């Protein structure tokens, strides 16, 4: 059963999940255990198909970035050392047919997710296999807020979330497969994250997060900004509202007309090679 003393978090080294890690251990001073799906479980966008070796080339980078971020957090906030053990690297496991069938109904009938097989399927199945509550970082800005025409693939979650961030099955019984998933950031925008990071002095941690799935060999983000594809490093930020410096990593995160800015590193080698003295606020 879920305990307030324990927070199991799916982590990938990106901004949203890293903010949640920081919120738990730095702000709330609660123990956590982080988990990372260490296999090609999230392949999408042409020409890469699910499970293709190239479908998420960033896996090795993400693992190293998470190790670096953990070291940074512990170095900067020593009391977190006892709260923050190393990340569990989850290796590939077969898809459960019954879980697959239920998610297929959600996918076909309610447009839950763009793809039937992706990392969420594995997260959901893993939470059920382990019989533990896991926290998954879907933030409100991803959907544009409760009154906006937010992304159809996560609309079902927004419309069925409870006050304690669980997914209700009152309207849709098939959502029972998400019974072990919490979405604590569903009412939080990235602007809110940056604002809180400045208050509690962990903005530098967020600036060293990594989101690009296909980094270049020199360490740079892929930088793709096209009509049908946006590099995850730039996602959810409102391209038309950015300053001319956004390609250098200066990103404005909006909530309505207001925003908070940070400068995210755009080369993972700069993250891995960074010295603590250079990174501290």
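The values are calculated or read from the model by the stated rules, or taken from the named source; none is laboratory data. Note that this is a predicted model, so its numbers are computed, not measured. Here the Cβ is made from the backbone with ideal geometry for all residues, glycine too, and neighbour counts use every protein chain on show.
Odds and ends about this structure:
- Selection from region 155-171 of residues that are over 20 Å from residue 101 (Cβ atoms) and in a loop (DSSP other than H, G, I, E, B): 162, 163, 164, 165, 166, 168, 170
- Filtered by the rule that a residue be within 22 Å of residue 108 (Cβ to Cβ) and at pLDDT below 90, region 124-141 gives a lone residue, 138.
- Of the candidates 81, 132, 101, the single residue that is loosely packed, with under 14 Cβ neighbours inside 10 Å, closer than 25 Å to residue 18 by Cβ and outside the structural domain of residue 273 (by TED's automatic domain parsing) is 81.
- Counted as qualifying within region 172-281 are the helices (runs of 4 or more DSSP H) with 1 or more residues that are under 21 Å from the mean Cα position of the chain (by Cα) and modelled with pLDDT of 90 or more, namely 190-199, 203-207, 268-273.
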